[in-house]
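Novice: This is the structure I have questions about; it appears just below.
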Amino acid sequence: MESVVRGIVLHSLKYGDNGLIIKTLTPNGIFSFFIGSYIKNKKNKYPFLSYPLAIIDCTYYKTKKGKLPKIKSISLVYVPKISGYDFRRQAISTFMAECAYKFIKEETFSTNIYSFLEDSIHFINETEYLHAAYPIQFGFKMAALLGFNIQNTDKEKTNKLFSIEKGFSLDSKADLDFNDSCFLEDIISYDINQAIDIKIPSSSLKNIFNVLLRFLKYHFPEISALKSPEILHNIIE
């Protein structure tokens, strides 16, 4: 029996000589599929599977329990218009893809996660101006959807500092000083599809980004260190 599903490719793994296993985030959860052969006439039939967070439609055969569904055909649904020619967008896309693959799990899945990721993919490729703070915004908003919300619900912002353990609080053992805490609060106040329109010193951006990485490590200790931030450190300015 054939079925069709739309999904975002989180990861692909070569299997045997010509096979692939792809892990996808769909509106209904996380699923893995098997591609019997991705080579035709010595060429890759699906080069777009190597794109960061490719959005695809796949037709697959349902199989017996315990076996991966087998792909019949795949088509690329969304073709990025800008990111392939923009180093900053490429680097941010790679960071988003690594975060999605490592942090989004079946037990924490929700339809909001899928919508959030799909909206983010469209935004970074279509917005005219992509602020260097976007990886920070993406990381903290993703963490919020996974159960670690730092949004300051107290309208009075008097002297509240940000700490990795407690979020925004009056705790003197903060990880960001007052100015950078205010910048972070401004960054996460924007909707994920809304262009950030504030001037932030590069030193503050780098400091807040490093705190984001420590925040993710603190709340997801089982996850190995991210590799993509090595590139982002050079473009956050």
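Every read-out reported here was derived from the displayed coordinates using simple, explicitly stated rules and does not represent laboratory data. This one's a predicted model, so the numbers in the text were calculated from it and none came from an experiment. FYI the Cβ positions are ideal-geometry reconstructions off the backbone, even for glycines, and counts take in every protein chain you see.
Novice: Looking at the chain as a GNM with Cα springs under 10 Å, which of Ile198, Ile21, Ile187 has the largest mean-square fluctuation?
Specialist: Ranking Ile198, Ile21, Ile187 by mean-square fluctuation puts Ile198 first.
Novice: So, one more: If I take every Cα pair under 8 Å that is 6 or more residues apart in the chain, average their sequence separation and divide by the length, what percent do I get for the relative contact order? Intermediate values should be presented prior to the final figure.
Specialist: Values: 351 pairs, mean separation 37.7, N = 237.
So the answer I get is 16 percent.
Novice: Please give the direction-averaged projected area of the C-alpha convex hull for the stretch 2-76, in square nanometres with one decimal. Write down the numbers at each step before the final one.
Specialist: Numbers: hull surface 19.4 nm².
The directionally averaged projection comes out at 4.8 nm².
Novice: Compute the acute angle (0 to 90°) between the alpha-carbon long axis of helix 87-103 and the principal axis of greatest extent of the alpha-carbon atoms of the chain; round to the nearest 10°.
Specialist: Relative to the chain, helix 87-103 is tipped by roughly 80 degrees.
Novice: Distance in nm between label sites at Lys105 and Val77, each 7 Å beyond Cα in the beta-carbon direction?
Specialist: Here the modelled spin labels are 2.6 nm apart.
Novice: Tell me the net charge near Thr127. Cut-off is 13 Å between Cβ atoms, Thr127 excluded, with +1 for each Lys or Arg and -1 for each Asp or Glu. Write out the running numbers ahead of the final one.
Specialist: Details: positive: Lys81, Arg88, Arg89; negative: Asp86, Asp119, Glu126, Glu128, Asp191, Asp197.
For residues surrounding Thr127, the net value is -3.
Novice: Only sites in a loop by DSSP and with at most 10 other Cβ atoms within 10 Å count here; which trypsin sites (Lys or Arg not before Pro) in the stretch 115-206 make the cut? All intermediate terms of the calculation are to be shown ahead of the outcome.
Specialist: On the way: sites: Lys141, Lys155, Lys157, Lys160, Lys166, Lys173, Lys199, Lys206; in loops: Lys155, Lys157, Lys160, Lys166, Lys173, Lys199.
Sites meeting the loop and neighbour criteria: Lys155, Lys173, Lys199.
Novice: Cα axis of helix 202-219 to longest principal axis of the chain: angle in degrees, 0 to 90, nearest 10?
Specialist: 60 degrees
Novice: Between Ala91, Ala144, Ala133, where does the largest GNM mean-square fluctuation fall for the chain, given springs only between Cα atoms within less than 10 Å?
Specialist: Between Ala91, Ala144, Ala133, it is Ala144 that shows the largest mean-square fluctuation.
Novice: Using a 10 angstrom cutoff on alpha carbons, build the Gaussian network for the chain and name the most mobile of Tyr134, Tyr190, Tyr51.
Specialist: Tyr190
Novice: For the stretch 1-141, what size does the Cα cloud have along each of its three principal axes, sorted from largest down, in whole Å?
Specialist: 45, 37, 22
Novice: Which whole-number percent is the relative contact order of the stretch 2-76 (Cα, under 8 Å, 6+ apart)? Could the numbers behind the result be given before it?
Specialist: Working: 151 pairs, mean separation 24.6, N = 75.
Once normalised by length, the contact order is 33 percent.
Novice: So, one more: What's the angle, to the nearest 10 degrees (0 to 90), between helix 111-126's Cα axis and the longest principal axis of the chain?
Specialist: 80 degrees
Novice: Rounded to the nearest 0.05, what FRET efficiency do Ser224 and Arg6 give with R0 = 25 Å and r taken as the Cβ-Cβ distance? Could you check?
Specialist: So, using R0 = 25 Å, E works out to roughly 0.30.
Novice: What FRET efficiency do you get for Leu68 and Ser115 if R0 is 22 Å and r is their Cβ-Cβ distance, rounded to the nearest 0.05?
Specialist: The formula returns an efficiency of 0.30 here.
Novice: In whole Å, how far is the Cα centre of the stretch 17-45 from that of the stretch 213-234?
Specialist: 27 Å
Novice: Could you give the length gained on full extension between Leu170 and Ile198, defined as 0.36 nm per residue of separation minus the Cα-Cα distance, in nm? List each step's numbers first, then the result.
Specialist: On the way: separation 28, 0.36 × 28 = 10.08 nm, distance 2.48 nm.
The span from Leu170 to Ile198 would gain 7.6 nm if fully extended.
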